[in-house]
1. Name the residues whose placed amide hydrogens come within less than 5 Å of the amide hydrogen of ALA18, ignoring near sequence neighbours (fewer than 5 apart) on the same chain.
2. Per residue, how large is the accessible surface of the chain? Use a 1.4 angstrom probe and give square angstrom.
3. Leaving out ligands, DNA and RNA, what percent of the accessible area of the chain is carbon and sulfur, probe 1.4 Å?
4. With Rg and the Kirkwood Rh both taken from Cα atoms, where does Rg over Rh land for the chain?
5. Leaving out same-chain residues fewer than 8 places away, which lysines sit with a Cα under 21 Å from that of LYS53?
6. Quick one: Cα convex hull volume of segment 95-151, Å³ per residue?
Amino acid sequence: MMGAVTEGCKLGGFPVGAIRISREASDCPGKAPPGDNPMHATTVFCQFMASRKMGLTDAGMRVKDTDRTAFIALPGGIGTLDETIEILVLQQLNKLGTNYLVPVILMNYDGYWDGIMQWLDSSERFGALKRSELDGLKVCNTNEEAVEFLA
């Protein structure tokens, strides 16, 4: 899926950066894998997920009101869940470090994120969070819905 997103951004004339884990590239930890992806304007390699999450968070900042960034979570595994929850926690605690609200979009293809949304609803019911703490969260079922939201 990320390849399709990268290709779409490139076709639209937008630069694409990649923050990858060294092991993800079948390389030894701490060593940059051979060659960069020509689809990416910039590629950064990290050894640990914590470093990657810091980089992703920094890349999504809105410093000026004209900045147009968003965190978009595609269906993925535990790493995707970890990164998405990290952003939501930072927003909940007002610790994201951005001057403007940055949307977090869950691409809910075929109901992929429905279970997480149920968990968030339960968390609200039990008093663990307030819905207002998730103001930046948007669930989109189609690409068109996400594009319309971001327009």
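The values are calculated or read from the model by the stated rules, or taken from the named source; none is laboratory data. Since we're looking at a predicted model, the values are computed, not measured. Heavy atoms of the whole protein, side chains included, go into the accessibility calculation; ligands, DNA and RNA do not. Shrake-Rupley method; radii C 1.70, N 1.55, O 1.52, S 1.80 Å.
1. THR42, THR43, VAL44
2. Spelled out: the 1.4 Å probe surface of the chain, per residue, equals 64 Å².
3. Within the chain, the accessible surface is 56 percent carbon and sulfur.
4. Checking Rg against Rh, the ratio lands at 0.97.
5. LYS31, LYS95, LYS138
6. So the per-residue hull volume is 87 Å³.
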